[in-house]
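Nothing in this text is a laboratory measurement; each read-out follows from the coordinates by a stated rule. Remember, predicted model here, so these are calculated numbers, not experimental data. When we count neighbours, we look across all protein chains shown, and the Cβ atoms used for this are built from the backbone with ideal geometry, even at glycine.
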Amino acid sequence: MNKNERLVSIDEKYIGKSTRAAYFPLVAEKAEGVKVIDLDGNEYIDMISSACVVNTGYNHPEIVKATKEQIDKYIHFTNDYFYTEPQVNLAKELVRITPGNFDKKVIFGFSGSDAIDSAIKIARAYTGRSKLISFVGAYHGSTYGAISLSAIDTNMKRKIGPLLPEVFHLDYPNILKKDKSITEDEFADIEFNKFLDNFNYYIPKEEVAAIFIEPIIGDLGLIKPPKKFMKRLREFCNDNHILLIVDEIQQGFGRTGKWFSIEHFDVIPDVVVMGKAMASGFPMSAVVSRSEIIDSIPMPGQLFTLQGNAVASVAAIKTIEIIEKNHLLDRANIVGEYIKERFKKIQRKSSYIGDIRCLGLSIGVDLEDKSGKYSSSDLVKKICYRCFEKGLILIYLAGKTLRVQPPLIINDSEVEKAMDIIEDSFEELEEGKIRDEILDKIKGW
């Protein structure tokens, strides 16, 4: 038993099973840039940015320096009763980079999940309405409100009910289901008319507080809805005084080549929910909205003891600075295009690659075996585990989609090496060289 396996066995004794979707027996000893070194000294290129948390890479030296300087001053001073400069400065930056030319305010949290719950509270408080709309396939987090809005896995809801009432899950406008005989706009109209049917038959519009949507739905397979659908959704919300709340937890902070993925649709949301990458690995989330919406909850409705923690706030400020100074929004588009073209090259030689979707450095690649010999789930497991054996961290979504989301700071030689490993793994898959036994080693989600 190596050091990784020994730690995993100890983990299984002490850590709750519900807290980890285990892909590989990988235990980090050190991480820097895009590389992770495990307890046994093996080195890996991380192509998922630690679940889209380290857009600026692991241990960015400027973030390390800034946070160490803040630690020397103080680690935490309560924002519940008093004030701190880092929190105020971060709030100003978040207001600046989020869409919408109007007065905005911020409330802070620690993870995307609790930020979703905060968004639910302000939506109900501001509108005086109770009903909430989400979409089938959505993942919004694991707190009670976030789980209530999610609709991606029944295990999220087993044994813990009753969940939040007055939550409705409607069909997501999945562009992958579009018939080739119609245009994207025609598909958008069809899907939006289906969406409207719900309000014609059983959901009173005037009782809906908010519609929650991931502009790029992540765990369903990194799927972008039609632009026309999103524009019509915005109009529908305007016409019926419903808040449009976008979940940017996974796609925010440059992941798609813009600060936030909603910007690809020329739509201004009422509320933006963020987390993951905003502090480059420090636990932090936020909700940004119009001032009057944020202030609809009276004190102490949003008092969190550690909210706006000084060290995490400094890390978030520096994260924004690094993304801007190093033009990482542009870099995401350039590298994303390279990865997409490499997958297209692999696709020409592979019988297993289906749809390839790319928006900046958020890339989904569907695998399928039209002969029926292998399931899509088996294919993605084989590719991901073989890549792991070759020194690459790559996982899958929805049992069929490779999740490719490397740090925005990945350099040319690193991304070339990563794609070479992926290409080699596909060649081995085609030649039948990837053992079926590995299917028992990887569980994932």
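Data table
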quantity	calculated
Dimensionless Rg over Rh [segment 74-325; C-alpha; Kirkwood]	0.96
For segment 166-173, Karplus couplings with θ = phi - 60° (6.51, -1.76, 1.60), whole Hz, Gly/Pro x	6, 10, 10, 10, 9, 5, 6, x
Gain upon complete extension [Glu62, Glu235; 0.36 nm per residue less C-alpha separation]	58.1 nm
Cross-link reach list, lysines versus Lys73, counting only Cα pairs under 18 Å and skipping chain neighbours closer than eight places	Lys65, Lys318
For segment 74-325, share of DSSP beta bridges that run antiparallel, in % to the nearest 5	45
Zero-based 5 Å bins, Cα pair distances in segment 146-205, whole percents	4, 15, 19, 16, 16, 16, 9, 4, 1
Stretchable slack from Tyr144 to Asp295, in nm (0.36 nm times residue separation minus alpha-carbon distance)	52.1 nm
Selection from Asn42, Met419, Gly301 lying farthest towards where the dipole of the chain points positive, charges on Cβ	Gly301
Fewest-first sequence of Thr401, Thr305, Thr127, Thr319 by Cβ atoms within 10 Å of each Cβ	Thr305, Thr127, Thr401, Thr319
Ellipticity estimate at 222 nm from DSSP helix runs (n ≥ 4, -39,500 (n - 2.57)) divided over the chain, nearest 500	-12000 deg cm²/dmol
Packing rank of 221-228, 197-204, where each peptide gets the mean count of other beta carbons within 10 Å, highest leading	221-228, 197-204
Cα-only radius of gyration and Dmax that characterise the chain, units Å	21.9, 65
Integer Hz, Karplus 6.51/-1.76/1.60 couplings in order for segment 393-405, x for Gly and Pro	9, 8, 10, 10, 10, 6, x, 7, 10, 6, 9, 10, 9
Sequence-distant residues sharing a close amide H with Leu243 (under 5 Å, placed H)	Ala210, Ile211
Residue-by-residue Karplus 3J(HN,Hα) for segment 293-301, coefficients 6.51, -1.76, 1.60, Hz, glycine and proline x	6, 4, 7, 6, 8, x, 5, x, x
Simple Cβ-charge dipole of segment 74-325, Lys/Arg +1 and Asp/Glu -1, about Cα centre, in debye nearest 20	320
Peptides 310-316, 73-79, 392-398 ordered by average Cβ neighbours within 10 Å, highest first	310-316, 392-398, 73-79
Cα lying deepest toward the dipole's positive end in segment 74-325, options Gly257, Met274, Tyr74, charges on Cβ	Tyr74
Segment Glu166-Asp355, length gained on full extension (0.36 nm per residue, minus Cα span)	64.5 nm
Selection of trypsin sites (Lys or Arg not before Pro), segment 358-422, meeting DSSP coil and at most 12 other Cβ within 10 Å	Lys370, Lys373
Cβ-Cβ FRET estimate between Ile182 and Phe102, R0 fixed at 45 Å, reported to 0.05	0.75
Value of relative contact order over segment 74-325, rounded to a whole percent, pairs C-alpha under 8 Å and six or more apart	31
Distance between segment 1-75 and segment 375-445 - C-alpha centres, whole angstrom	19
Options Gly112, Val246, Ile133, ranked by Cα towards positive dipole end of segment 74-325, top entry (Cβ charges)	Gly112
Trypsin sites (Lys or Arg not before Pro) within segment 133-173: DSSP coil, no more than 12 neighbouring Cβ in 10 Å	Arg158, Lys159
Beta bridges per DSSP with both ends in the chain, % antiparallel, nearest 5	65
